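Participant: Once you've had a glance at the structure underneath, I'll fire off some questions.
Bear in mind that the values in this text are calculations on the coordinates, not laboratory data. Here the structure is a predicted model, which is why all the values come from computation and not from measurement. Neighbour counts are summed over all protein chains in view; Cβ atoms, including those assigned to glycine, are modelled from backbone coordinates with ideal geometry.
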Amino acid sequence: MIIRSAEFIRSGLKPGHFPEKALPEIAFAGRSNVGKSSLINALLRRKALVRTSRQPGQTRTLNFFMINDTFMLVDLPGYGFSRASKEVIANYQKSMVNYLQTRINLALVVLLLDIRRVPSKEDQAFLKLVQVYGLRYLIVLTKADTLGRGSWKKAWKEISEGFESLEGDPIVFSAKTGQGREKIWTEIESRLT
Ligand code: GDP
């Protein structure tokens, strides 16, 4: 994929705030700190289009970026709620359900998981939601550079045991080395055509 343009379009929490122009969308999800901003910036070869390491507690919105005037990347709010209020959690869940359930132009959900961590309850709940709505998804294991290549398979086995059911193989990714970047684009392109 050649990135000719990547432009922030808007943030939103409710369907009325999402972009009206229904270009195909590729959405990225994962717990806070999983490496989501780093991955999106690496895909787009932009240093800081998406801010990395946001302050916890900042408003959790969905951020829409238009790529090459032809499709959208959607940065879904990071989850991980050890210190969040019930209200914050409820709002997050509502906006996720709103988005996943109603967005008919959603072409692919990319779920990011840290290669070193077994899935959290929120990871499990998120994937369940994606499966319940029958959406296409891709799992990306982030921060692959933190483990030796020989440990990736074992790490995936342990992670996959944390989910009830899974389809397809994950892509192993590192923002540091660029490992997996082209494979992720190949998956995205196959969903756009
Ligand atoms: P986000 O909260 O999911 O958007 O995560 P960020 O992209 O802000 O990254 C969180 C932290 O993980 C930062 O300290 C990054 O430098 C680090 N990080 C992100 N990607 C990688 C990676 O591929 N390898 C390593 N070793 N660290 C990473």
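Participant: Which of the three applies to the range 82-193, rounded, prolate or oblate, going by the alpha-carbon gyration tensor with a ≥ b ≥ c and a/c under 1.5 meaning rounded?
Facilitator: Values: a/c = 1.88, a/b = 1.29, b/c = 1.46.
Cα axes put the range 82-193 in the oblate bin.
Participant: To the nearest 0.05, what FRET efficiency results for ARG4 and THR146 with a Förster distance of 41 Å applied to their C-beta separation?
Facilitator: Details: r = 33 Å, r/R0 = 0.80.
For ARG4 and THR146, the calculated efficiency is 0.80.
Participant: Using +1 at the Cβ of each Lys and Arg and -1 at the Cβ of each Asp and Glu in the chain, identify which of PHE18, THR102, ALA175 lies farthest towards the dipole's positive end.
Facilitator: ALA175
Participant: Taking only the C-alpha atoms, wrap a convex hull around the chain and report its volume per residue in Å³ as a whole number. Walk me through the numbers on the way to the answer.
Facilitator: Numbers: hull volume 22.3 nm³, N = 193.
Measuring per residue, one finds 115 Å³ for the Cα hull of the chain.
Participant: How large is the helix-only mean residue ellipticity at 222 nm for the chain, computed as the sum of -39500 (n - 2.57) over DSSP H runs with n ≥ 4, divided by its residue count, in deg cm²/dmol to the nearest 500?
Facilitator: Numbers: 5 runs with 59 residues, N = 193.
Calculated mean residue ellipticity at 222 nm is -9500 deg cm²/dmol.
Participant: Any idea how far apart ASN33 and VAL88 come out in nm if each label point goes 7 Å out from Cα toward Cβ?
Facilitator: 1.3
Participant: Counting DSSP beta bridges in the range 43-189, what percent are antiparallel, to the nearest 5? Could you put the intermediate results ahead of the total?
Facilitator: Numbers: 5 of 13 bridges.
Close to 40 percent.
Participant: Quick one: compute the contact order of the range 6-192, relative version, from alpha carbon pairs under 8 angstrom and 6+ residues apart, as a percent. Mind showing how you got there, number by number?
Facilitator: Working: 284 pairs, mean separation 45.4, N = 187.
Across the range 6-192, relative contact order equals 24 percent.
Participant: Quick check on the range 130-193: what does the Kirkwood estimate of hydrodynamic radius come out to from the alpha carbon pairs, in Å? All intermediate terms of the calculation are to be shown ahead of the outcome.
Facilitator: Values: mean 1/r = 0.0769 Å⁻¹.
One over the average 1/r among Cα pairs gives 13.0 Å for the range 130-193.
Participant: Using packing as a proxy for protection, rank 1-10, 71-80, 18-27 so that the peptide with the highest average count of other Cβ atoms within 10 Å comes first. The partial results should precede the final answer.
Facilitator: Working: 1-10: 12.5, 71-80: 20.9, 18-27: 16.4.
Most protected by this proxy first, the peptides run 71-80, 18-27, 1-10.
Participant: Quick test of the membrane-span-like rule: which DSSP H helices of the chain reach at least 20 Å along their long axis (C-alpha atoms) with mean Kyte hydropathy at least -1.0? Before the final figure, lay out the partial values.
Facilitator: Working: long enough: 86-102 (24 Å, -0.53).
Helices passing the filter in the chain: 86-102.
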